[in-house]
Every structure is written in C-alpha cells, then in structure tokens.
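Student: I have a structure here, written as structure tokens, and I will follow up with some questions on it.
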Protein chains: 4
Amino acid sequence: MSYNIRLLISCPDKKGLIAAISSFIAMHNGNILSADQYVSDQGVDRRGAFFMRLEIEGEGFGLERREFGSTFAPLARQHNMDWYVSYTDIPKRMAILVSGYDHCLMDLLWRWAAGELDAEIPLVLSNHPEPRSRVEHYDVPFYHLPVTKETKAEQESAMLGLLNEHRVDLVVLARYMQILTPRFVSAYPYRIINIHHSFLPAFVGADPYRRAHERGVKTIGATAHYVTEELDAGPIVHQDVTHVTHRDAVDDLVRIGREVERRVLARAVRWHLEDRVLADASRTVVFE
Amino acid sequence: MSYNIRLLISCPDKKGLIAAISSFIAMHNGNILSADQYVSDQGVDRRGAFFMRLEIEGEGFGLERREFGSTFAPLARQHNMDWYVSYTDIPKRMAILVSGYDHCLMDLLWRWAAGELDAEIPLVLSNHPEPRSRVEHYDVPFYHLPVTKETKAEQESAMLGLLNEHRVDLVVLARYMQILTPRFVSAYPYRIINIHHSFLPAFVGADPYRRAHERGVKTIGATAHYVTEELDAGPIVHQDVTHVTHRDAVDDLVRIGREVERRVLARAVRWHLEDRVLADASRTVVFE
Amino acid sequence: MSYNIRLLISCPDKKGLIAAISSFIAMHNGNILSADQYVSDQGVDRRGAFFMRLEIEGEGFGLERREFGSTFAPLARQHNMDWYVSYTDIPKRMAILVSGYDHCLMDLLWRWAAGELDAEIPLVLSNHPEPRSRVEHYDVPFYHLPVTKETKAEQESAMLGLLNEHRVDLVVLARYMQILTPRFVSAYPYRIINIHHSFLPAFVGADPYRRAHERGVKTIGATAHYVTEELDAGPIVHQDVTHVTHRDAVDDLVRIGREVERRVLARAVRWHLEDRVLADASRTVVFE
Amino acid sequence: MSYNIRLLISCPDKKGLIAAISSFIAMHNGNILSADQYVSDQGVDRRGAFFMRLEIEGEGFGLERREFGSTFAPLARQHNMDWYVSYTDIPKRMAILVSGYDHCLMDLLWRWAAGELDAEIPLVLSNHPEPRSRVEHYDVPFYHLPVTKETKAEQESAMLGLLNEHRVDLVVLARYMQILTPRFVSAYPYRIINIHHSFLPAFVGADPYRRAHERGVKTIGATAHYVTEELDAGPIVHQDVTHVTHRDAVDDLVRIGREVERRVLARAVRWHLEDRVLADASRTVVFE
C-alpha cells in the first residue's frame, strides 16, 4: 500500500537548513513530493524562526520507520530542531466533542464519510443525548456524559479516560459549550481545535451573535483555534466571515453563522490532519 | 433637467403606513421609482420602528419644493415621523479630512471625477501638507491646518469655520488621524463618516494592524461608521475583510488593508450620498 | 396559529401601483410586515416591468383565503397583473432528485431538519440506490428509479406520476445527473431548481471541474438556476465562487466545489420557498 | 545596498532536485530567505513537471552576477532546467497601455507611487489623448498614438519601437481596447498581462458586462492573464468576482466591475514583478 511521510521541522533560522534537510532526504533516496518553508519575521538583532514541511514518497525511501528517529537525531540536534514525523497510512485518531448544536458535528461526519478527512473517529462525546442516533448512523460510537456543576470534574476525568483509552490524537470541539479545565487543555497541547462563533478577537466568550447584533455589525464570522488556558485566546488556525444586513435578526445570524462555522472548522481540522499547521508561539503557520 | 426626489421616513410602526405614504405620493401624481421598507425587530410588548426610503420622479410630481414640507407635515405629525427630503439635482457638499495616508482620499477623488459619487467637494482639509498637489490636480481646494497639542482646539475651530463657510453636508474622515472633540462631532450628527482600519469591534483605537499581527488573525478588515463621541463605537455603515496568512508581516497587512479600507469607505460614502443609510439608534439601516 | 400572507405581483409599470396595492391591503385592515419593490430597466420608449413582494400579517387581515382571489381580481385585471398568493402555514411540498453524489441532498435534509427550510419533503427520488438509508434516517420516503437508455422515458413518466401523486410544488435537482425531457420541464415552469457545478455561463454541460482545471482558472463556482428546455441556460437564482490554486488537482476542485454547490443550492431553495424569486424573462428578481 | 536574488526553475521532476539546488546555494554560502516548490499532476506513466522559486540574500552570497550563469549551467543542463535569475535592485521596466478607461491605469500609478509595485515605468502608451495630464502628474512620460484601421499596423510598429527603445520587460494592458497582432504578442512571451472584464472563460471578447446583464448572472468578475495569440485564452494569473443583483443595470455592472478589474490587475502585476508566476503550458503556477 502506497503512503507518504510527512516531516515537520521548526528551529532557529540559519544558512543551509534547506540544503541540510533535503540532502538528508536525498541521501536516503527519498522523493520529495512537496516542500513548504517559511522564516518568521526577524527582529533587528536576531534571526527569525525556520519552519518546514516536507512530504516524501514512502515507496523507495531508504529509512525504516523505526530507524528514522535515530538517523535524523544528530542533524536535528545540531540545528536545535523541534521535529515531528507522520505516515499517511496511519491516520490520526480524532474525537469530536459536541453539545446541543450538531451542525458542525454532522458536517464533519459527512465529510469524513465522503473521504475528505483522513482520520479515524473512535468516538463522539456529548453532554447532550440527542446526537446519538445521527452519530451511530455513521457507525461511530457515541458517549453521553451529562455535565452538571457537581459532576463537571468527575465527568472531565471520565472524558480524559475515554480519550486516553481510545488513543486519541486530536480533540475537536464542534460547538462544545463547556469550558475545559487547564488539566484537560494541557493534556492535548496544540491538539484541541475549537470553533468559536465570532470573528476573534471580537466577541470573546458567550453569546457572540446577540452581541454582534447589538453592535450592528455588517459581517459575522467564525474562528477555529487551538485551545489554550485563556478563553478564546489560543492560536488561530482559520477564520472566515459572511455579510449580514440590518434585516437579519439574532436568529438569522445564528443560522447564517452556522454555515461559516462548519466551513471554518472543517478546513482547520483538515489542515491539522494533514500536518499543515505549525505553532509559532501565539500564532500559527499554515502550509496550505 | 430631470431629477428625482428622495424621501426618508422613520417612525413607530403601525398598520397602513405604506398605504398612507404611497397614497400621498399618488395623490400628488408622483411616480415612485423605488421603494424600500423595513420594520426593526419588535420587542415582546411593543411594535418595532418603521423605516422607508422612496425615490420619486421629479418630472410630473405635483408639489413644488417649497410646498412639500407644509403639505407633508400633517401626515408626518399624525404618525410621529422623522422625515427628510432631498433632490438629486442638488448634490450634497462633502468635505474630506485626511492625514498622512492618502489612499482613501485619492480613491474618493478618482471615483468622484469618474462620476461614481454624486457630490460637490468644496474642500479637502489636512493636518499634513503632502496631499496638496494631488488634490489640486482635481481642481479641489486644499487647506493645510497643521495640528499640535497646543493648537488643536484653535485649529478645530478653524476647521468648523471652513466647513460652515462652505456649507458642508457630509464630513468624510479618510484616514484622518486626529480624534475629534465632542463639539465637532455634535455639529454633524450622523454626517461624519470615518474609516477605521480594523474589523470593529475588534481592535478599537490605535495601531490595529500591528495588534492584528500579534494576535495572529487570518483575516483583516475595515469598518466605515458614523462618528459619535465614543471612539470607534458609532453606528456601522459597512464592513469588509480579506484573508491574510502567516507570511504577511505588519507592512503587508498595511498594504493589503489599504485595498479594503478604500473599498469600504467609498461604498459607505456612496450610500450616504444616495440617502440609503438611516440611523436606528446604535445601528444603521442600509437600503442598498 | 399565527401565519403570514405573501403576495407576489408583476405587471407593466405605471404610476400609483404601490399606492393602489398598499391601499387595497390597508382597506382590508392588513398589516404589511415587509414590502419589496423593483422596476426593471426601461427601454427608450417603453416603461419597465414592475415587481412587488408583500408579506402581510395573517392575524387581523380582513379577507378570508377563499375570498382573496375574487376581491383582488378587479385590481389585478385593471393593471394587467400576474399575481400569486401564499400562506406561510401551508408549507410548499418539495421533492429532491439525486444521483450518485449526495452532498447537496444531505445538506438540504440537515437544514430542513434544523428548521432552515420551511417545506414538506414528501419524497426523494434517485436513479441510484445508495442514498436510501441516509434519506430514510430523516424519515423521508425514498424511491429508487434506475434509468437506462431504454427505460428513460418510462421512468420519467413514473417520476412525473410520483410527483403528481405527492402534489409536489418544487422539484430540486440536487446533482441529479439525468437530463430532463421538455415534457418534464414544462410540467414545472420556474419550479425546478438545478445546481450546476460551474459558474455559468462558463462550462455549460458535462465535467465542468475537469474543464476548469484544463483552462487553469483560479476560481471555481456553482450556479443554481431554474430549469428550462435549453441545457444550463435557465434563469439564474444564485451563484457563488471560491478561490483555487495551481496546487488543486481535479479531485480537489471536486471537493472544494461541493462546499460551494451545497451553499448555493440551499440558498436558492430557501429563497424559492420563501417566495423571494420572481421570473423576469430570462433573468430573476430576488428579494433577499 | 541590500538586495535579494530570485531564482526560478522549471524542469522534469525527479528525485533529489531540491537537494541538488539548495546544496548549490549552500555551497556558495547563500542564505535562502524563501523557497517555494510545486510538482504538477503526474500522468499515469510519466513524472510531472517540477517548479521552484528561491529568494536568496544577496549579501554574503559567493557568486558574482556575471559568474552565476556559467557556474549554474552544468547543474541546469544535467536536469534539463529552464531557469531565470533576477536581482531585486534591478527593478523590471513596465510599460502600461491604456485606452479610454483609466481606472486600472490610475490605480497602478497610485500603487507604484506608494511603493507597492517594485518597477520602473518608462512610459505609458495610449490611443486616446485624455490620460496625458494624469500620467504626467506622476512624472511618467506619456505617448499618444492614435489608431485607425489604416494606421494600425504602422502604429503598432511605432509602439514596438518605443517599448524596445525603453528596454521594457513587462507590458500591462490596463483596459487597452485594441487587439494586438501576433507579431506584437510573440515579442513579449508571458510578458504581456491583460485585464479582461469578465470571469473567463465566460464572456470572451467584446462587451462582457452587457452580455452578463442579459444572461442575468448574479456575480461578475475580472481576469488577469498573459496574452497569447488566441483572444482571451492565455494562461490565467488571477481572477476575482463580486456579487451583483437584479437591481444592477449594465452601467452599475461597469462601475462595480471597475473595482474588481483594478484589484485583480494590480495583484497579477505585483506577482509578476516579484517573479511569482511561472508558466505551466496553458496554466500558471503562482507562488504567492
């Protein structure tokens, strides 16, 4: 079965990095299918950071999976690299968390079934019971973990247990309306994607459509971002907007916004699954 | 010379308003070229507000300009109307205020010369000297009023004097970087349009592109709004955005943003000049 | 149960039409909730066409449904009106036809279940068996009518029979890949909406994504239009596009295009169901 | 004075190209500031084409300009490369051709003066006299070459003479309404950019806005493309669109379209000047 190797690298910029990396690949007979590279803004007296994403043909590549790490390590050490390798025949395992609104969930499931999202979905978790039948229709296991003030801590532990048990790589908050604790967030650094139903940094927090309507904005949007401890402040992966008019009441904004939310979330999830997103402190580098 | 009459009305909603108004026009032999109407969201126990814009053919209309007011007044009084009438053969008089960045200014002047903006431009005012030659190339008078902390109050008086002397109907802040005093603002209610170089309510105040870059947003925008006493908080007339990527440094955002700024401002100004914008408290009704 | 009345009118333009119509409504104690009006471009020596859409509160309106027609008829006759009245408590009956690609179908079903589309869906028809389970999951009857060259005429008759039996008002071709015969088309004038996966009039006919790729376009789109006898030439209801790059192979265009197709079709269907679309010869008037 | 070196390469794809190229740069002590790479779709039994764009810091690079060619030649020959090198301290020389509509011209001149377009503009050529004063206001020489049926061949020779004399690298047709002869086109392969005021391949040829209006489209667009012998059929560099409604008459489409035309053309010109556009037969590779 044919597969590709994806290599993500970030390190301090210096001369010769591309040559060093691509020569390493060539030396092991690798065929580079695509290469993306970016150097972040340099300050006055310092070099920027170097980011690279390589996709290499698996067939014919001279390094076994188990030996890649030890062979690449000296080069990585020499240049102070953070690096990450993945193989396209081992899809990431994605959990979806959802509450009462299921439009993002259903969109992700449809796309997944249509082959747009290269992942396994071992489970969908919800604090609401309603999505069960639609989820199970896609033969995806559904877990209902109702949350109250009293049970919140306990249920989060249960969730972490389930995610751990199912060896989840990526957690998608598809309009999951519970705020996660720092413990949860820190268990999946840069691996929890949330969709916020506003154009961040506008309308952080609850009820953005109502507040957008009150402010009289002429455009509404949605933002997919990695979750960090601070609410709606994590690195942004993707954003988009759509026009609205004075005729649109709050309910219309909710309806129109759903369209943007699901589109923005699906694209962010796809990019993450394809290893196209690298963290650059509070920002992201996205190699589309 | 052919002309049209524009009639703007806002009042508490009730039954029969459209019939009453259009019958008044028909009774005086008016030909309605376009009619737009909107009723704002009603609360639970009250009716909403009614907004209407009519464009009537001047030729054949049975009321002289000087008698329109007195003839329409009883109907207006009966329904508690705020109303406004304008004639398309009397273009509005628009002043443009600008500082060091002239892209919005030059765009407005080009569109005006191309016939896109139906207005007279009696003057351009600036606290910088540079725009003079480009403005005068369009045969528009240019006034340079440099502003320092000490002269600010005095210069604002001079500006108000000039605007008054030139009987200005609309003040456009085309990237004018001085904050206007409440005295100035209150002299032109709903008649000062500002372009803010962010997607409001995100990034109110200074340096929005730098702050957008720091936040790592994937979209930047611009907002045209009426100026009120509170900074960047006035009713929004138009907004638009464009995509950016991690590759775009602050300078790129500035360049890309210029494109959006001038487009958004030009459209807002055009709508205002065509009497398409009505104030609905802190929001606007725009009959495109 | 509260409901609204929608009145659509088109006729030759003349003075006093709005007054005549709104006075008719006022005379019968009707409360106009929204009014949209448009006069098409006039030629040099003739008046244009007048189009109007009114939404009137059902409660308190003085005419019974059965007497509306006879009461309105004299006015309609006097002004040569084509007119149409509908009541929002009687949703339209919409059939969806689909072939092998189900993204538009699933999107419509999801929106319908979410309350975005005010319609009944008495049946989904397909020449492919696959969609059955997903359709029935929404408790919508599914009919599989396979089509071959030999059975095409016969199956179309069967389809017309089913549509007739289920008293269908609107036929949506959600990527239905069979060309309908003139007999079928003429049975539902301005009541068959098709989604074509290109930006019409570019790429009429088969395989638009492949042809778009060959031409090297930088934007792809989709068009929702009423079906007429000539292929992909009917009046356009809605269009939208999205950017693509040289990196996007034909398969990517197909995937990216699906996003646009379902968005464009859903919006066109919604507008039709809300009686917002009027035919103006080969064009449409859309009162958003 | 600091400068960068831009190296564009296209050749048949094979293993090790990136390593070979980047090692060549590293061997000569070059600092790669940005690297973009793309391999076009491969057919079933053949490899695709490889495209690369490198931007290298001038300072510290070990090859003199006059020796780059001879030093790089063996590697280029070995891999069958088409290649091109440019230096950012030698701006391209751009001529603008224009007819009666000056919006694209004025936009390019404004952007050029604002520093957005890194080029010299030795001349503007027009078959109309009107643009002279506005062009000369930017201190750019203006040549008026009126064209009639009889003088067309002669004037084209005069134009080619002027372009040659001014050592022009890029010819921009900023709404130049004369069709160029094959002789002219072949003198500047992939170096003539035209803006066509439609969304190609829709509405090839004359009067696209009128035809768009007749077809009743809901979106209009503009396309920047390299000029080839076949009318409006050259490789597309950039396209964009904007929404229109039934209310927009042909004149409105013209006005709204101007906005898109100038934006699309400016972006295509900028990309070309930055050596971001490579020809891939009838398509383009654009490294944004």
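The values are calculated or read from the model by the stated rules, or taken from the named source; none is laboratory data. No experiment lies behind these values; they were computed from the predicted model shown. Don't worry about glycine lacking a Cβ; one is built from the backbone with ideal geometry, like all the others, and counts go over all protein chains shown. Surface areas here come from the heavy atoms of the whole protein model, side chains and all, with no ligands, DNA or RNA. Shrake-Rupley method; radii C 1.70, N 1.55, O 1.52, S 1.80 Å.
Student: Please work out the ratio of the alpha-carbon Rg of the range C:74-128 to 2.2 N^0.38 Å and round it to two decimals.
Tutor: Against the compact-globule rule of thumb, the ratio is 1.66.
Student: If you don't mind, another one. Let me understand the protein assembly as shown better: what is its radius of gyration from the alpha carbons, and its Dmax, in angstrom?
Tutor: Rg then Dmax for the protein assembly as shown, in Å: 31.3, 93.
Student: Could you please report the charge total around D:Pro235, scoring K, R as +1 and D, E as -1 over all other residues with beta-carbon less than 13 angstrom from its beta-carbon?
Tutor: -1
Student: Report the local net charge at A:Gly58: Lys and Arg +1, Asp and Glu -1, summed over other residues whose C-beta lies under 15 Å from its C-beta.
Tutor: Spelling it out: positives minus negatives among the neighbours equals -4.
Student: Using a Gaussian network for chain C with springs between C-alpha atoms less than 10 Å apart, which of these wobbles most: C:His246, C:His197, C:His272?
Tutor: In this elastic network of chain C, the residue with the biggest mean-square fluctuation among C:His246, C:His197, C:His272 is C:His246.
Student: What's the total accessible area buried between chains A and D, using a 1.4 Å probe, rounded to the nearest 100 Å²?
Tutor: Chain pair A/D: roughly 1500 Å² of buried accessible area.
Student: Find the all-direction average of the projected area of the Cα convex hull for chain C, expressing the result in square nanometres with one decimal place.
Tutor: Averaged projected area of chain C's Cα convex hull equals 17.6 nm².
Student: OK, next. I'd like the distance between the alpha-carbon centres of the range C:92-120 and the range D:59-89, rounded to an integer number of Å.
Tutor: So the separation of the two Cα centres works out to 59 Å.
Student: Using only atoms on other chains, find how many Cβ atoms lie within 10 Å of each Cβ of peptide A:34-41 and report the average.
Tutor: Per-residue shielding by partner chains comes out at 6.
Student: Shielding of D:212-222 by partners, i.e. mean partner chain Cβ atoms within 10 Å per residue?
Tutor: Partner-chain Cβ atoms within 10 Å, mean over residues of D:212-222: 6.
Student: Here is a further query. Grab the DSSP H runs of chain B that are 4 residues or longer, score each as -39,500 (n - 2.57), total them, divide by all residues and round the 222 nm result to the nearest 500 deg cm²/dmol.
Tutor: So the helix-based figure for chain B works out to -10000 deg cm²/dmol.
Student: Further question on the same structure: As I understand it, the value is the acute angle between the Cα axis of helix A:65-78 and the longest principal axis of the Cα atoms of chain A; what does it come to in degrees, rounded to 10?
Tutor: Taking the Cα atoms of chain A, the angle to A:65-78 is about 80 degrees.
Student: Continuing with this model, one more query. Rank-order D:274-287, B:160-173 by packing density, defined as the average count of other C-beta atoms within 10 Å over each peptide's residues, highest first.
Tutor: My ranking of the peptides, most packed first, is D:274-287, B:160-173.
Student: If you don't mind, another one. Given R₀ = 25 Å, what would the calculated FRET efficiency be for A:Ala114 paired with D:Lys14, taking r from the Cβ atoms and rounding to 0.05?
Tutor: So the FRET efficiency works out to roughly 0.15.
Student: Could you let me know the centre-to-centre spacing of the range A:221-288 and the range A:147-219, using Cα atoms, in angstrom?
Tutor: 13
Student: For the pair D:Asp139/D:Ser34, report the inter-label distance in nm, with labels modelled 7 Å from Cα in the Cβ direction.
Tutor: Result for the modelled spin labels: 2.9 nm.
Student: Something else about it: What are the distances, in nm and sorted shortest first, from the label point of D:Gly62 to the label points of the same position in each other copy, with each label point placed 7 Å from Cα along the Cα-to-Cβ direction?
Tutor: Copy-to-copy label distances at D:Gly62, shortest first: 2.4, 9.4, 9.7 nm.
Student: Give the calculated FRET efficiency between D:Thr148 and D:Gln78 to the nearest 0.05, with a Förster radius of 51 Å applied to their Cβ-Cβ distance.
Tutor: About 0.45, to the nearest 0.05.
Student: Can you give the average number of partner chain beta-carbon atoms within 10 Å of each beta-carbon in peptide D:8-20, as a whole number?
Tutor: 4
Student: Continuing with the same structure: Put a label point 7 Å from Cα along the Cβ direction on C:Val250, then list its distances to the equivalent points in the other copies in nm, shortest first.
Tutor: Label-point separations across copies, in nm and ascending: 3.8, 4.9, 5.0.
Student: Highest mean first, what order results for D:143-153, A:125-135 on Cβ atoms within 10 Å?
Tutor: Sorting D:143-153, A:125-135 by mean packing, highest first, produces A:125-135, D:143-153.
Student: Share of antiparallel DSSP beta bridges in the protein assembly as shown, in percent to the nearest 5?
Tutor: Counting only bridges with both partners in the protein assembly as shown, antiparallel ones make up about 70 percent.
Student: Another one. Normalised radius of gyration for the range C:15-155, please: alpha carbon Rg relative to 2.2 N^0.38 Å, two decimal places.
Tutor: 1.50
Student: Turning to a different aspect of this structure: Report, to the nearest 10°, how far helix B:17-27 tilts away from the longest principal axis of the Cα atoms in chain B, using its own Cα long axis and a range of 0 to 90°.
Tutor: 70
Student: Using a cut-off of under 16 Å, list every residue of the range B:66-106 whose amide N is near the label point 7 Å from the Cα of B:Arg132 along the Cα-to-beta-carbon line.
Tutor: Output list for this probe position: B:98-100.
Student: Here's something else I'd like to know. What net charge do the residues around A:Leu105 carry, taking every other residue with its C-beta under 13 Å from that of A:Leu105, with Lys and Arg at +1 and Asp and Glu at -1?
Tutor: Once positives and negatives cancel, what remains is +1.
Student: Here is a further query. Put a label point 7 Å from Cα along the Cβ direction on B:Pro182, then list its distances to the equivalent points in the other copies in nm, shortest first.
Tutor: So the label point of B:Pro182 gives 4.3, 7.5, 7.6 nm to the other copies.
Student: Give the Debye-formula value of log10 I(q)/I(0) at each listed q (0.13, 0.18, 0.24, 0.26 Å⁻¹), with one equal scatterer per alpha carbon of the range B:119-208, two decimals each.
Tutor: Results for the range B:119-208 at q = 0.13, 0.18, 0.24, 0.26 Å⁻¹ read -0.48, -0.92, -1.44, -1.52.
Student: May I pose another question? Compute the semi-axes of the equivalent ellipsoid of the range D:1-65, taking the square root of 5 times each eigenvalue of the Cα gyration tensor, and list them largest first in whole Å.
Tutor: Over the Cα atoms of the range D:1-65, the ellipsoid semi-axes are 27, 11, 8 Å.
Student: What residue of chain D sits with its beta carbon nearest the rotation axis taking D to B, and at what distance in whole Å?
Tutor: D:His137, 3
Student: Among the listed pairs B:Lys92/D:Lys218; A:Lys218/D:Lys218; B:Lys14/C:Lys15, which have their C-alpha atoms separated by more than 27 angstrom in this model?
Tutor: B:Lys92/D:Lys218
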